[in-house]
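Here the structure is laid out as structure tokens; the discussion comes afterwards.
The values are calculated or read from the model by the stated rules, or taken from the named source; none is laboratory data. Note that this is a predicted model, so its numbers are computed, not measured. Neighbour counts are summed over all protein chains in view; Cβ atoms, including those assigned to glycine, are modelled from backbone coordinates with ideal geometry.
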Amino acid sequence: MIKKHIEDFILHLQIEKNASSYTIQNYKIDLRQAFNLFAEMKIFEAGKIDRFHIRNYLSVLQNNGYEKTSIKRKLSVLRSFFSFLVRERIVDKNLFINIRSPRIEKKIPVFLDENEIKTLLESPKGTTLVDLRDKAILETLYATGIRVSELVFLNVQDLDFLGEMIKITGKGRKQRLVPIGSVALEILKDYLSLREKHLSKKKIFHNAVFINVRGGRLTTRSICRIINRYTKLSGIKKCITPHSLRHTFATHLLNAGCNLRAVQEMLGHVNISTTQIYTHLSTSRIKKTYEKTHPRA
């Protein structure tokens, strides 16, 4: 019975919520894990779960060393699932609504200063397909602040060279237009010229912007490896991920005086509170400058 409810819920996410395949996969994993744990408590129906079982479930997660962020996500998944069950009149109430999620301290994200990002962007040196592709990846991530998942699914028709914009399909398959600088566009043009020749030679035809040597679309894992390689090559000691370039993009815009709402739009954040973490970075920098330069600081 639980299995059927989960299948119906996943269908609801796909059709009504337009959720991405990545989100759906994570929901499936979290729900299966949760109900396997409830089954160990001899609970096989969603309507039989009470606060005692929920507390036991949370204790198991904590004892198994799950981070607060993971526990918060798993609770959010169960909260959404039980809201669906209430809507479908399968259970009377959603007990997860009143269960507090672990409080998570907001960490200031890792980002690169202007010298570091310049070094990183200049680290791919060659003129081969792979060299130009890697350079285009780094430039595009920094120029637009898009997520690595958004970069992976970027298609050629999403690039507007004349208008200097790119169309992004983000979370929930929502689309937005993001400006992209002339430097990144010039590198993309050079890369796409070699990409077209490479695909024609292999008689492969598709619209993916970033491809591997076999002609297939690059994965998020591949892009993480690419960034890791150039981080080491450029001698940067920070732990840099694709998301670090997103943080760098937002931080540099705000430090230069860009409007917070504009940054929110470009990043594709639903709530401005998500974007506001970058104002802490700007404030921190201003404070350090003040302390270094004011005679009475």
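Screening Lys3 with (1) under 23 Å from the mean Cα position of the chain (by Cα); (2) exposed (fewer than 11 other Cβ atoms within 10 Å of the Cβ) gives one miss only, at (1).
Here Ser200 meets each of (1) assigned to a loop (DSSP other than H, G, I, E, B); (2) without any contact (Cβ under 8 Å) to a residue 24 or more places away in the chain; (3) loosely packed, with under 13 Cβ neighbours inside 10 Å with one exception, condition (1). Tally up the residues in region 110-133 that are farther than 21 Å from His243 by Cα and either loosely packed, with under 13 Cβ neighbours inside 10 Å or not assigned by TED's automatic domain parsing to the domain that holds Lys237 (or both), please. Residues meeting the conditions: 4. Note on region 179-197: residues that are under 17 Å from Asp131 (Cα atoms) and touching a residue at least 12 places away in the same chain (Cβ under 8 Å) amount to 11. Considering region 203-216, and only residues there that are in contact with a helix residue (DSSP H, G or I) (Cβ under 7 Å, 6 or more places away or on another chain), touching a residue at least 12 places away in the same chain (Cβ under 8 Å) and of a type outside the set (Val, Ile, Thr), the residue that is nearest to Ile117 (Cα to Cα) turns out to be Phe210. Only helices (runs of 4 or more DSSP H) whose full extent lies in region 4-92 are considered here, and the ones with at least 1 residues that are under 27 Å from Gly170 (Cα atoms) and without any contact (Cβ under 8 Å) to a residue 40 or more places away in the chain are 21-40, 68-87.
Residues of region 148-185 being within 16 Å of Ile137 (Cβ to Cβ) and of a type in the set (Gly, Ala, Ser), which ones?
The answer is Ser149, Gly181, Ala184.
Residues are listed down the side, and each one gets a yes or a no for (1) in contact with a Ser or Thr (Cβ under 8 Å, 6 or more places away or on another chain); (2) of a type in the set (Ser, Thr, Tyr); (3) within 26 Å of His198 (Cα to Cα); (4) in a helix (DSSP H, G or I):
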| site | (1), (2), (3), (4) |
| --- | --- |
| Thr127 | no, yes, yes, no |
| Leu132 | no, no, yes, yes |
| Lys135 | no, no, yes, yes |
| Ser149 | yes, yes, yes, yes |
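For the list (1) crowded, with 17+ Cβ neighbours inside 10 Å; (2) hydrophobic (A, V, I, L, M, F, W, C); (3) within 22 Å of Val86 (Cβ to Cβ), I need the number of the one condition that Ile71 fails. Status for Ile71: all satisfied but (3).
Go through Ile227, Ile272, Ile240 for me and flag whichever is more than 15 Å from Asp134 (Cβ to Cβ) and touching a helix residue (DSSP H, G or I) at 6+ places or on another chain (Cβ under 9 Å). It would help to see each step written out before you state the result.
Values: Ile227 fails: more than 15 Å from Asp134 (Cβ to Cβ); Ile240 fails: more than 15 Å from Asp134 (Cβ to Cβ).
Of Ile227, Ile272, Ile240, the one residue that is more than 15 Å from Asp134 (Cβ to Cβ) and touching a helix residue (DSSP H, G or I) at 6+ places or on another chain (Cβ under 9 Å) is Ile272.
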